[in-house]
Amino acid sequence: MTAAPSSSSSSSSSAPSSRPHILSVAKLAPFFMSQLQASFEVHDRLHDSDPAAFAKIAPQIRGIAGGGESKVPRALQQQLPALEIISLMGVGYDGIDVAAAIERGIPVTHTPNVLNDEVADLAMGLMLSVARRIPLADRYVRAGRWAKEGPMPLARKVSGARLGIVGLGRIGQAIADRAQAFGMSIAYTARSAKAGLPYAFYPTAAALAAEVDFLIVITPGGAGTRHMINAEVLAALGSGGYLINVARGSVVDEAALVDALQRGVIAGAGLDVFENEPHPLEALWALDNVVLTPHMASATVQTRQAMADLAADNLRAHFAGTPLLTPVPECA
Ligand code: NAP
Ligand code: 8YV
């Protein structure tokens, strides 16, 4: 969280409003916030900025709006006796205590599918960037090294290589579509094999890693996938292998990854997500065989607008008494 939240609602009137009160739990994009403010009384991160004011308004809060990285623990839900819905602008919802919400009949909504292309594009971009050393090459030219030292060392070919996808869901399949156009062979792991798809299934990440050159991770975060990519998986990927993580930082044991990168256990990594955001391990910063991006896989104007529209539509649907557009599977 980078900016100080505003301390109260969007209403300029001192008269009580009949519009539903919403708590935003993240710094929301202006094009999301403006939609919320048009329909609701929005209290922007008031629980963080002014706990006393929050305690007064809490009994009236009927909705929560947040992003894919937002935390909505049981303790926060318990402070909101009138809470009816939690709407996220993001597909991942590992920060939400969904079980606590379900106990009270509170639906949780997210924004699947509208970001598949964008996240798949960045996964391919990271794979190309680290294998072809594009950021390193950019720095090489800017530092005047081309003229002094000549061409850079040769890179690793991506087209035609063996790709493993950890998590073949909505985004994983969009990655596979792109990889097919690169002539890559495609294999995957997931909780279960997918009937009707022409890709080889491996029951574990380690078994998959042993058979591929590039391993792209695109599962949900949370307890079920925590440190699924560990030292054993990295050893299986091997000294010619590259890891790409566009899922959640928690899925990869980051200390084991740093060790593997430093010792040449794997060839390189492209990382959009980290265990402690926005503070990736500083040991990663010094490594030439990694490409780092700041959790930006869905961050284009077009896709973030589509995510905001869907998240706002879910809230509007709830308060209009019409069916939710995209509840998380546990609430569907
Ligand atoms: P999805 O359609 O639900 O797909 C998730 C896939 O992960 C499924 O194939 C699922 O297997 C697999 N999976 C789940 N738990 C697993 C486990 N314990 N072991 C092995 N595989 C497991 O989700 P999605 O829409 O593709 O999104 C995936 C995730 O990407 C999100 O939850 C979010 O964390 C992340 N994400 C990141 C960014 C970013 O900015 N970097 C943006 C968007 C999304 P089954 O099919 O067998 O159930
Ligand atoms: C965004 C994400 O960073 O959708 C997700 O799960 O991690 C990303 O799209 C975030 O949700 C924006 O609010």
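The values are calculated or read from the model by the stated rules, or taken from the named source; none is laboratory data. Quantities reported herein were computed from a predicted structural model and do not represent experimental measurements. Here Cβ is always computed from backbone atoms with ideal geometry, including for glycine, and neighbour counts include all displayed protein chains.
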Within the stretch 67-131, considering only helices (runs of 4 or more DSSP H) that don't extend past its boundaries, which have at least 2 residues that are under 30 Å from residue 162 (Cβ atoms)?
116-131
Kindly indicate the residue of the stretch 132-143 that is part of a helix (DSSP H, G or I) and of a type outside the set (A, V, I, L, M, F, W, C) and also nearest to the chain's Cα centre (by Cα) among those meeting that condition.
135
How about the stretch 242-271: which of its residues are within 19 Å of the chain's Cα centre (by Cα) and not aliphatic (A, V, I, L, M)?
245, 248, 249, 250, 253, 254, 270
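Suppose we filter 63, 95 for residues that are outside the structural domain of residue 217 (by TED's automatic domain parsing), within 16 Å of ligand 1 (Cβ to nearest atom) and of a type in the set (Gly, Ala, Ser); which single one remains?
On the way: 63 fails: within 16 Å of ligand 1 (Cβ to nearest atom).
Exactly one residue qualifies, and that residue is 95.
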Taking residue 255, is it more than 12 Å from ligand 1 (Cβ to nearest atom), touching a residue at least 40 places away in the same chain (Cβ under 8 Å) and among the small types (Gly, Ala, Ser)?
no
Unmet criterion (only one of (1) buried (at least 20 other Cβ atoms within 10 Å of the Cβ); (2) touching a helix residue (DSSP H, G or I) at 6+ places or on another chain (Cβ under 6 Å)) for residue 133
(2)
The residue that is surrounded by the most Cβ atoms within 10 Å (Cβ to Cβ), considering only those in the stretch 159-184 that are in contact with an Asp or Glu (Cβ under 9 Å, 6 or more places away or on another chain) and not in a helix (DSSP H, G or I), is 164
Which numbered condition residue 313 misses (of (1) of a type in the set (Asp, Glu); (2) within 15 Å of ligand 1 (Cβ to nearest atom); (3) buried (at least 18 other Cβ atoms within 10 Å of the Cβ); (4) part of a helix (DSSP H, G or I)):
(2)
Specify the residue that is surrounded by the most Cβ atoms within 10 Å (Cβ to Cβ); the eligible residues are those in the stretch 72-95 that are within 13 Å of ligand 2 (Cβ to nearest atom) and small (Gly, Ala, Ser).
87
Could you please give the count of residues in the stretch 262-283 that are within 16 Å of ligand 1 (Cβ to nearest atom) and buried (at least 17 other Cβ atoms within 10 Å of the Cβ)?
8
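Give the residues of the stretch 218-236 that are touching a residue at least 24 places away in the same chain (Cβ under 8 Å) and within 17 Å of residue 96 (Cβ to Cβ), sorted by residue number.
Passing the criteria: 219, 220, 221, 222, 225, 226.
Mind counting the residues in the stretch 96-136 that are within 16 Å of ligand 2 (Cβ to nearest atom) and among the charged types (D, E, K, R)?
Step one: filter the stretch 96-136 for residues within 16 Å of ligand 2 (Cβ to nearest atom), giving 96, 98, 108-123, 125-126.
Add one more test, that the residue is among the charged types (D, E, K, R), and what stays is 117-118, 121.
Total satisfying the criteria: 3.
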Expected single match for touching a Pro at 6+ places or on another chain (Cβ under 9 Å) and either more than 16 Å from ligand 2 (Cβ to nearest atom) or at pLDDT below 95 (or both) among 193, 207, 255 is 193
Within the stretch 29-43, can one find any residue that is under 22 Å from residue 322 (Cα atoms), of a type in the set (Phe, Trp, Tyr) and either within 16 Å of ligand 1 (Cβ to nearest atom) or assigned to a helix (DSSP H, G or I) (or both)?
yes
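Does the stretch 38-53 contain any residue that is under 25 Å from the mean Cα position of the chain (by Cα) and aliphatic (A, V, I, L, M)?
Yes, the stretch 38-53 contains at least one residue that is under 25 Å from the mean Cα position of the chain (by Cα) and aliphatic (A, V, I, L, M).
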In the stretch 191-216, what count of residues is obtained for those that are surrounded by fewer than 18 Cβ atoms within 10 Å (Cβ to Cβ) and either aromatic (Phe, Trp, Tyr) or touching a Gly at 6+ places or on another chain (Cβ under 6 Å) (or both)?
1
Sort out which residues of the stretch 45-71 are within 16 Å of ligand 2 (Cβ to nearest atom) and within 18 Å of residue 312 (Cα to Cα), and write them in order of number.
45, 64, 65, 66, 67, 68, 69, 70
With respect to residue 259, is the statement that it is touching a helix residue (DSSP H, G or I) at 6+ places or on another chain (Cβ under 9 Å) and surrounded by fewer than 19 Cβ atoms within 10 Å (Cβ to Cβ) true?
yes
